[in-house]
Amino acid sequence: MNVIQKDELKQLMKNNEDFVLVNVLDKNYFDMGHIKGSINIPVHDKGFDKKILKKLHNRNKKVVVYCANKQCSASPRAAKRMEQLGFKNVVDYEGGIEDWDGKTCKVEHDKTNCSAS
């Protein structure tokens, strides 16, 4: 499994690259704060596989998964599971939401943009 750092993720966003950003934490954590533009598919849901396959049709498209922080095992677990499902370009942003500083990067809380740029 490949990993991505904050600067690399910021560059993907800045370049408007075609990728999907997936927060794999439970919905309540997603609602408390998530990276702008990410979708929520909790890895601990029993229907994770079905939801991933329904939302992400192209298994060759770049997918960046993330969770809370480096100690969180949800995103590595999701990346591994997605690779088992045949996704070819999955990377783990292992720093997660805690590494994503809301003062310098866009974070959404309860679907409302913060004033950070």
Here, trypsin sites (Lys or Arg not before Pro) of region 1-94 satisfying both criteria (DSSP loop; at most 10 other Cβ within 10 Å) are K46
Net charge, A78 excluded, C-beta distance under 13 Å - Lys, Arg +1, Asp, Glu -1: -1
Give me Rg over Rh for region 1-54, both radii from the alpha carbons and Rh done the Kirkwood way, two decimal places. 1.00
For the chain, what does the relative contact order come out to in percent, with C-alpha contacts under 8 Å and a separation of six or more? 32 percent
Please compute the net charge surrounding V20, taking Lys and Arg as +1 and Asp and Glu as -1 over other residues with Cβ under 12 Å from its Cβ. +2
Under the classification rounded if a/c is under 1.5, otherwise prolate if a/b is larger than b/c and oblate if not, where does the chain fall, given a ≥ b ≥ c as square roots of the Cα gyration tensor eigenvalues? prolate
On a 0 to 90° scale, report how tilted helix 74-84 is relative to the longest principal axis of the chain, with both axes built from alpha carbons and the result rounded to the nearest 10. 40 degrees
Whole-Å distance, taken between Cα centres, linking region 33-74 and region 1-29: 10 Å
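Read-outs: derived from the displayed coordinates by stated rules, not from any lab. Computed from a prediction, not measured in an experiment: that's the story for all the values here. In this analysis, Cβ positions are derived from the backbone assuming ideal geometry, glycine residues included, and neighbour counts consider all displayed protein chains.
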